[in-house]
Amino acid sequence: GAGVSQSPRYKVAKRGQDVALRCDPISGHVSLFWYQQALGQGPEFLTYFQNEAQLDKSGLPSDRFFAERPEGSVSTLKIQRTQQEDSAVYLCASSLADHTYGYTFGSGTRLTVV
Amino acid sequence: GDSVTQMEGPVTLSEEAFLTINCTYTATGYPSLFWYVQYPGEGLQLLLKATKADDKGSNKGFEATYRKETTSFHLEKGSVQVSDSAVYFCALKGRQAGKSTFGDGTTLTVKP
């Protein structure tokens, strides 16, 4: 596609509910990244895929967070038993193999846990 | 670990004023440095980058020079426009594969 597409744009979840956030990267982009952005702060790294392989998940804040990219294109970030501190914008980005040249970000999913 | 410190905002300027947004970093080795911009209601967009010391990144009239001796990557523009109003993020790509580290962003408002 022309850009990185994320869905839904907005999600309101009740505390304890499971959510799934989708990312559709630019076609041909090998690398895919998930970031979490709290209000008034910069993006914080969550996890990184190269093709279908999850090479780094050191930023995932707890075992309630899980990400997958089974066919090396679309990725899903799943949050189980959501809590209020999970409220944030979740950003997906993709890049060609060498991301030294920067990312292309999606518009993000704003998650609000009530 | 890696870190990025940006000048606190918000910054308010009149149209055609000179802009500087300060950014300093801490990292081991030789990181790549970036500025991203986020316009209202949109996602982050890469504005410019520099991959080694003394490189100057430039785009849309914005410039930043990678200064290893001062560990800085300050963003400048000679004459800002109302359309430059946005949030600007400084970031670095260090040794850890996949991870970039971002500053907290600086909000710029340009008034006519």
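Here, each number is a calculation from the coordinates, and none is a lab measurement. Everything numeric here is computed off the predicted structure, so don't read it as measured data. Quick reminder, even Gly has a Cβ in these numbers, built from the backbone with ideal geometry, and neighbours come from all protein chains shown.
Fewest to most neighbouring Cβ within 10 Å: what's the order for A:ASP86, A:ASP56? Walk me through the numbers on the way to the answer.
Numbers: A:ASP86 20, A:ASP56 17.
Listing A:ASP86, A:ASP56 from fewest to most nearby Cβ atoms yields A:ASP56, A:ASP86.
Could you list the trypsin sites (Lys or Arg not before Pro) in segment A:12-110 that lie in coil according to DSSP, counting only those with at most 14 other Cβ atoms within 10 Å of their Cβ?
Counting only loop positions with at most 14 other Cβ atoms within 10 Å, the trypsin sites (Lys or Arg not before Pro) in segment A:12-110 are A:LYS14, A:ARG15, A:ARG64, A:ARG81.
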When N counts the residues of chain B, how does its alpha-carbon radius of gyration compare numerically with 2.2 N^0.38 Å, as a ratio? 1.02
If each K or R counts +1 and each D or E counts -1, the residues other than A:PRO25 whose Cβ falls under 12 Å of its Cβ total 0
Segment B:1-57, relative contact order in percent, only Cα pairs under 8 angstrom and at least six apart counted: 27 percent
Suppose the chain between A:GLU44 and A:THR76 were pulled fully straight at 0.36 nm per residue; how much longer would it get relative to their current alpha carbon spacing? 9.8 nm
Segment A:15-58, Rg to Rh (Cα coordinates; Rh as Kirkwood inverse mean 1/r): 1.02
For the protein assembly as shown, what is the convex hull volume of its Cα atoms per residue in Å³? 119 Å³
For segment A:16-114, just the Cα set please: Rg and Dmax, both in angstrom. 12.8, 39
Between the DSSP loop rule and a limit of at most 10 other Cβ atoms within 10 Å, which GluC sites (Glu not before Pro) in segment B:33-77 are left? B:GLU69
State to the nearest 20 debye the size of the charge dipole of chain B about its Cα centre, where the only charges are +1 on K and R beta carbons and -1 on D and E beta carbons. 400 debye
Mind listing which GluC sites (Glu not before Pro) in segment A:6-114 are in a DSSP loop and have 14 or fewer other Cβ atoms within 10 Å? A:GLU52, A:GLU71
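Can you tell me the dipole magnitude for the protein assembly as shown around its Cα centre, using point charges on the Cβ only (Lys, Arg +1; Asp, Glu -1), in Debye to the nearest 20? Write down the numbers at each step before the final one.
Working: 22 positive and 23 negative charges, 86 e Å.
Around 420 debye, computed over the protein assembly as shown.
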Please give me the summed charge of the neighbours of A:ALA53: other residues whose Cβ is under 13 Å from its Cβ, Lys and Arg +1, Asp and Glu -1. -2
Which whole number gives the average count of other chain Cβ atoms within 10 Å of the Cβ atoms across peptide B:90-98? 4
Given the C-alpha centroids of segment A:1-73 and segment B:68-84, what is the distance between them in whole angstrom? 30 Å
In debye, nearest 20, what is the charge dipole magnitude of chain A about its Cα centre with +1 on Lys and Arg Cβ and -1 on Asp and Glu Cβ, if you could check? 500 debye
